[in-house]
1. Could you give every pair whose Cβ atoms fall below 8 Å, whose first residue belongs to segment 28-43 and is among the acidic types (D, E), and whose second residue is modelled with pLDDT of 90 or more and part of a helix (DSSP H, G or I), counting only separations of at least 6 or pairs across chains?
2. Just the residues that are over 16 Å from F6 (Cβ atoms) and surrounded by 12 or more Cβ atoms within 10 Å (Cβ to Cβ), please, taken from segment 49-60.
3. Could you grab me the full set of residues in segment 10-46 that are more than 21 Å from L68 (Cβ to Cβ) and not in a loop (DSSP other than H, G, I, E, B)?
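The values are calculated or read from the model by the stated rules, or taken from the named source; none is laboratory data. Because the structure is predicted, anything quoted here is derived from the model rather than measured. Cβ atoms come from the backbone with ideal geometry, glycine included; neighbour counts cover every protein chain shown.
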Amino acid sequence: MNTITFVTELFSRIDDTMIENKIQKHPLSSFYPSEVATLAFLFAIKGVGNRAFYRWIKRDWQEYFPNLPE
């Protein structure tokens, strides 16, 4: 399983769980709860520091998480 497939599957499972539990996006948030949870899982799995993780997400996953802060 390549990284794109893994992240997509992870997001899909988390998003399905959020929908089943009727967890909705807060009106003032720029992220959906499933995006936040996916990023949290990826951070835990990746096992690097905050800065390295953010750079990796920003560099390789910007199109999947377009609302990342600068």
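1. So the pair list comes out as E35/F11.
2. Residues satisfying the conditions are Y54, R55, K58.
3. Residues satisfying the conditions are R13, D16, T17, I19, E20.
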